[in-house]
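First up is the structure itself, then whatever we jot down about it.
What follows draws every value from the coordinates through simple rules; no lab data is involved. As the structure is a prediction and not an experimental result, all values here were calculated from the model. We place every Cβ from the backbone using ideal geometry, glycine too, and count neighbours over all the protein chains shown.
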Amino acid sequence: MTAVLPARPTAAERRAAPSLAAAVRDLDSRRARSRQRMIGASELGECRRRAAYRIARRRPSNTRTGLQAFLGTELHRGVLRALRRQYGGLTEVGLKGEQAKGRCDWWHAPVVEDLKTTSRFGFERVLTRGVPANHWFQVAVYAWLLRTGQTADRRLPAGTGQDVEELRIRYLSRDSGEDVVFEADHDPALTAEAILWLTDVYATVEDEGVDAAPRDGFGPGVDTMCDWCPFLDLCWDPPVDPETEGEVSRQSRLTVTDEDYVDAVHDYDAWRAAENEAKRHKEYARERLRAGPGRRTTCTASGLVAACACRSTRTPRSSG
């Protein structure tokens, strides 16, 4: 199954896009004033607090091992091995630049591809909502490092730029074995956005400290990004002790003053209202779908085709 993205940006949109050269210069100037480390491309656009911990060389407080992690790694390697044997190219290509590092899953010129194994629910979420921005950041940075010869792999000559014209992300459902591929042309503006995101994190760590970097997750038990974070306890403190703290949560530790409590009440009320409104819209859409595609009698053929053509410019279309 392949999902094709909308048309490339216009010339005017490209002129207004972030400059990759300027973004790299800004990041270099930030890194030159500190002894902070670079982070992996896979963490770009994910959580700013987690990236800050990496940059500041903080030791992870939570590590996950065991059968589940082993099976996930072996599945990933096995799929990459099958792709390489069938179609050629190089897998697990080491990349390392002054700004970021990483390991590209599969490069078969002129395409850079990243493989994401996911659960059934994660797979369905990608099909309905599209590719998260941070996943595009990751593969765009891989492409940029390859194009500029910033490699750390004995199979490729260091300093020699490689041919990359297309970005590809493949999602594989661990439950069904079904996969879907999203494609896009290489775009320096996308890489610039990723580098600017990282520059902001460096600036926060340097000017205000690690803990000033915002959390982009909602905490354990609420957000899976936090549940699986290697810095969970460092970020949200150790788990609650019922004997000394009572029936509270880690998030409740953020509510210290009366003002904190008022803010939480306001947020709860606002999001409850948004939830009710979203539910009304969902139920309205459900009622409109009750007739089914075979019972539509009010749309002309030309009108239906025009509506579908209009919709395809806004969302990826799939073919399988």
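Computed over all pairs of different Cα atoms, the Kirkwood value for the hydrodynamic radius of the stretch 110-251 is 18.2 Å.
Using R₀ = 51 Å, calculate the FRET efficiency as 1/(1 + (r/R₀)^6) where r is the Cβ-Cβ separation of Phe218 and Phe70; round to 0.05. The partial results should precede the final answer.
Working: r = 29 Å, r/R0 = 0.57.
So, using R0 = 51 Å, E works out to roughly 0.95.
Multiplying the residue separation of Asp260 and Ala278 by 0.36 nm and subtracting their alpha-carbon distance yields 3.8 nm. Taking a straight Cα-Cα cut-off under 24 Å and skipping sequence neighbours fewer than 8 places away in the same chain, the lysines within cross-link reach of Lys96 are Lys116. Using only Cα atoms, locate the centre of the stretch 229-294 and the centre of the stretch 102-135, then give the distance between them in Å, rounded to an integer. Taking the Cα centre of the stretch 102-135 as reference, the centre of the stretch 229-294 is 28 Å away. Taken over the Cα atoms of the stretch 187-243, the convex hull encloses 104 Å³ per residue.
From most to least packed by mean Cβ count within 10 Å, the peptides 68-79, 186-197, 113-124 give 186-197, 113-124, 68-79.
Report the FRET efficiency, 1/(1 + (r/R0)^6), for Ser249 and Glu178, where r is their Cβ-Cβ distance and R0 is 41 Å, rounded to 0.05. Each step should come with its number before you reach the end.
Numbers: r = 36 Å, r/R0 = 0.88.
For Ser249 and Glu178, the calculated efficiency is 0.70.
Volume per residue for the stretch 76-118 equals 76 cubic angstrom (convex hull of Cα atoms). Rg and Dmax over the alpha-carbon atoms of the stretch 81-148 stand at 13.3, 37 Å.
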